[in-house]
1. I'd like to compare 83-92, 105-114: which one has the highest average count of other Cβ atoms within 10 Å, and what's the full order after that?
2. If the cut-off is a Cα-Cα distance under 24 Å, which lysines reach LYS11, setting aside same-chain residues fewer than 8 apart in sequence?
3. Give me the tail of P(r) for the stretch 8-99 as a percent: Cα-Cα pairs with distance above 23 Å.
4. Mind listing which trypsin sites (Lys or Arg not before Pro) in the stretch 1-96 are in a DSSP loop and have 14 or fewer other Cβ atoms within 10 Å?
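Laboratory data are not the source of any read-out in this text; all were calculated from the coordinates shown. Since the structure is predicted, the reported quantities are computational estimates derived from the model, not experimental observations. Reconstructed Cβ throughout: ideal geometry from the backbone, glycine too, with neighbour counts over all protein chains shown.
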Amino acid sequence: MVSFEMNDRKKIGIGLTGFGVFFSFLGIIFFFDKGLLAMGNILFFSGVTLTIGLKSTMQFFMKPQNFKGTISFGLGFLLVVIGWPIFGMMLEAYGFVVLFSGFWPTLAVFMQRIPILGWLFQQPYIRSVYWVQDYSDPYSSAEDILSSNSFCNLAHLV
């Protein structure tokens, strides 16, 4: 098992990422206020950079399979800054889904282990939205589905 050492730099990075999400949420609530959205974007990006490191951040955003997401996220940020926050946030949301689509299986398993939400995500109607059903066993567990690589990749749907 890989240990995740929590030093001060990573704590600050997680805090900045959280504040970035919070300011972005406030910017959306306040009718796409471009100042709050730009501040949220800057805090989010700097938080991710502090959390995983500059080299890892550059490697993540410069992977060939992440170019589409990186360009979309960057152009969305630029549109927010120059005054078109609605279009910028739509483009950023697309870039975010494309960039972080590899984390959806991990997030789905984590959500299923939360006491109340886990029960909700086990319901057939909700489960059919984000799981590709294994026809041999429609009630297989999340770990079985993830290990068989039959999880639906959201990046290909967009």
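1. Working: 83-92: 17.9, 105-114: 13.9.
Top of the packing list down: 83-92, 105-114.
2. LYS11 reaches LYS55.
3. Value for the stretch 8-99 (Cα pairs over 23 Å): 21 percent.
4. On the way: sites: ARG9, LYS10, LYS11, LYS34, LYS55, LYS68; in loops: none.
The qualifying sites: there are none.
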